[in-house]
Amino acid sequence: MIGRELEVTLSRGEVLALLGPNGSGKTTLLKTLLGLIAPLEGFALIDDKPLSAYTAAARARRIAYVPQVHVPTFAFTVESIVLMGRTAHGNLFSAPSSADRAAASEALARFGITALSARPYTMLSGGERQLVLLARALAQEPQYIVLDEPTANLDFGNQGKVMRELRALAAAGHGVLFTTHDPNHALRAADRAFLMREGKCLAEGPVRDVLTRPQLEALYGAPVETLTDPATGATAFLPG
Amino acid sequence: MTRSALPGLGIATAFIVVGLITAFTVGRYPVSLAELIDVLGAHLSGRPSAAPPAVENVIFLVRGPRVVAAVLIGAALAVAGTAFQGLFRNPLVSPDILGASSGAALGAVLGIFFSLGVVGIESFAFLGGIAAVAAVYCVGSLLRARDPVLVLVLTGVVIGALLGAGVGLVKYLADPYNQLPAMTFWLLGSLASTTASDLVPLAGPVLLGSAVLVALRWRMNVMSLPEEEARALGVSTGPLRIAIVAAATLVTSASVATSGIIGWVGLVVPHLARALVGPDFPRLLPTAALLGGGYLLFIDTLARVAAPVEIPLGILTAVIGTPFFIWLLAGMQRTWS
């Protein structure tokens, strides 16, 4: 049993970061919000309508899911992977239309990876794969995008790049929810943060209010150090 | 999709055309290419042929049904293997992973045991294959698990072993002079006794199942992604998985019922097809069908002419398939993983 008395709201145009120690129920909450598992109690709503009232395709046209970067079994080209994002826009038997192909190439262009489109996805670097998965989510034309640890396994530069892309997606009107193990990413990219421990909400609100040293120490049960840049006043956290 | 599928499809088409010509011309009664073209042309245009009647008999009555059966069965096994490898996200899967072949084998040996006719044995084999997969699917669905695909495969392996024990029992109880050789021969696979009347019960299910798989080709791309990812992309994975398994089982069972057990085709040919055109199902399925049909044509021609007696197909596909598969494993990073 995880997830008692949780209430999460995500609005379009904002970035929400979901933080919590391993086993706190982040993934379960994420999958419930995606409609992949049914809530044990309570409900998940999009536009005031329960998630279970949507068909799989109708749900996918509203929420896109960006899984953790993985290596699929088969070496699909980048273009094929992004075209799969158009699945919910066609029927069971339909081939991608010219509109689908246009949406896919637009999404590739949006992340500056048009040059990769003929490459096998399996041969890309982790950072490139993450951008391809983001492009696929965008090609899905959803209102909300849910990302599972989008910065895991990425190098420092690519972490920053992905965070900037999340902000840009929100600026374009998407509601963005992501999980992360790094409070600094939440601080930098998110508007609000949702802290979860043992299936319960520890704190929720604007990142500046929620991401404080005492809150993080309570969240992870470990000492935390705060660094402040005297010039800009920006803060960052280090595990103590 | 910048890389064109045309060269790969061209190679696959050339392969099956050469296979067809070889299968029709080579054998104990050699037919020249000119005679073949003359007889086929005459048949199509309705004019009388210049070739001796014996040539016409060889082409239409002796080799014709066998060639059509080889093409249909090779294509069917390759398409089913392609579908299963995608569905189970595992390139080492073959069409009999869910017990279709073991079920058909048990059905066939029971048919032989009860001294049913050819039609009875083939019906038993066909229904046995479908019943086995249905049983695997029901048991697999009853076990609630996080990874339904893995549970399905493991259930298939377990029930396949049980069916194998059933085959062993029936063979043990069978009459060792009449029934046991027939069972052994059936289990090794052959097209030697294929006649024109076998083609309708074979072609019907094979074409129907293949049509379903081809119609679902774009969805099958998504089904080869991890379960939750496919669902988040808007695919109802449960019903779609049943449709794909049912279609692949239909073609596999009909094939095995006609020819007996022919392994390796459904495992090796999908790899070849992926090496030619990549993993995209819309182009992979036709390529696999052409290659599979051509491959079994060559194997069957070899089975006819390589030795004074017919060599069982299952033995030839294994002898050719094993080294080939080891070669594939050596270079596997290129085509998958």
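The values are calculated or read from the model by the stated rules, or taken from the named source; none is laboratory data. Treat the numbers as computed from the prediction; the structure is a model and nothing was measured. Note: ideal-geometry Cβ built from the backbone for every residue, glycine included; neighbour counts use all protein chains shown.
Miscellaneous remarks
- Exclusive hit being within 14 Å of another protein chain (Cβ to nearest Cβ) and either among the aliphatic types (A, V, I, L, M) or outside any helix (DSSP H, G or I) (or both), set B:71, B:39, B:93, B:67: B:93
- Among the criteria (1) away from chain B (no Cβ under 14 Å); (2) modelled with pLDDT of 90 or more; (3) surrounded by 17 or more Cβ atoms within 10 Å (Cβ to Cβ), the one residue A:10 does not fulfil is (2).
Residues checked against (1) touching a helix residue (DSSP H, G or I) at 6+ places or on another chain (Cβ under 6 Å); (2) away from chain B (no Cβ under 12 Å); (3) more than 13 Å from residue B:233 (Cα to Cα):
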{"position": "A:63", "(1), (2), (3)": "no, no, no"}
{"position": "A:69", "(1), (2), (3)": "yes, no, yes"}
{"position": "A:78", "(1), (2), (3)": "yes, no, yes"}
{"position": "A:97", "(1), (2), (3)": "no, no, yes"}
{"position": "A:105", "(1), (2), (3)": "no, no, yes"}
{"position": "A:116", "(1), (2), (3)": "yes, no, yes"}
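- Top-ranked residue of the stretch B:299-311 - restricted to ones that are out of contact with any Ser or Thr (no Cβ under 7 Å at 6 or more places or on another chain) and not in a loop (DSSP other than H, G, I, E, B), ranked as surrounded by the most Cβ atoms within 10 Å (Cβ to Cβ): B:300
- Of all residues in the stretch B:302-325, those that are touching a residue at least 40 places away in the same chain (Cβ under 8 Å) have Cβ atoms under 8 Å from Cβ atoms of residues that are surrounded by fewer than 17 Cβ atoms within 10 Å (Cβ to Cβ) and of a type in the set (Lys, Arg), 6 or more apart or on another chain, in B:304/B:28; B:305/B:28.
- Condition check for residue B:146: without any contact (Cβ under 8 Å) to a residue 40 or more places away in the chain and part of a loop (DSSP other than H, G, I, E, B): yes
- Positions within the stretch A:59-106 being part of a strand (DSSP E or B) and farther than 28 Å from residue A:49 by Cβ, in sequence order: A:74, A:77
- Taken together, the residues in the stretch A:207-229 that are in a strand (DSSP E or B) and touching a Phe, Trp or Tyr at 6+ places or on another chain (Cβ under 8 Å) amount to 4.
- Scanning the stretch B:96-131 for residues that are assigned to a loop (DSSP other than H, G, I, E, B) and under 30 Å from residue B:226 (Cα atoms) gives a single hit, B:99.
- Filter result for residue B:190 (in contact with a Gly (Cβ under 9 Å, 6 or more places away or on another chain) and surrounded by fewer than 24 Cβ atoms within 10 Å (Cβ to Cβ)): yes
- Qualifying residue in the stretch B:47-69 (condition: out of contact with any His (no Cβ under 6 Å at 6 or more places or on another chain), of a type in the set (Ser, Thr, Tyr) and modelled with pLDDT under 95): yes
- Within the stretch B:232-264, if we keep just the residues that are polar (S, T, N, Q) and over 20 Å from residue B:210 (Cβ atoms), the residue that is nearest to the other protein chains (Cβ to nearest Cβ) turns out to be B:236.
- Every residue from the stretch B:226-241 that is touching a residue at least 24 places away in the same chain (Cβ under 8 Å) and part of a loop (DSSP other than H, G, I, E, B): B:226
- Listed conditions (1) over 19 Å from residue B:203 (Cβ atoms); (2) within 28 Å of the chain's Cα centre (by Cα) are all met by residue B:20, apart from (1).
- Where residue B:279 falls short, out of the listed (1) within 11 Å of chain A (Cβ to nearest Cβ); (2) in a helix (DSSP H, G or I): (2)
- Per-region count, the stretch A:112-121, residues part of a loop (DSSP other than H, G, I, E, B) and crowded, with 20+ Cβ neighbours inside 10 Å: 1
- Test: residue in the stretch A:123-130 that is surrounded by fewer than 21 Cβ atoms within 10 Å (Cβ to Cβ), outside the structural domain of residue A:7 (by TED's automatic domain parsing), in a helix (DSSP H, G or I) and in contact (Cβ under 8 Å) with a residue 40 or more places away in the chain: yes
- Any hit, the stretch B:176-199, residues being more than 30 Å from residue B:146 (Cα to Cα), touching an Asp or Glu at 6+ places or on another chain (Cβ under 9 Å), more than 14 Å from chain A (Cβ to nearest Cβ) and in a helix (DSSP H, G or I): yes
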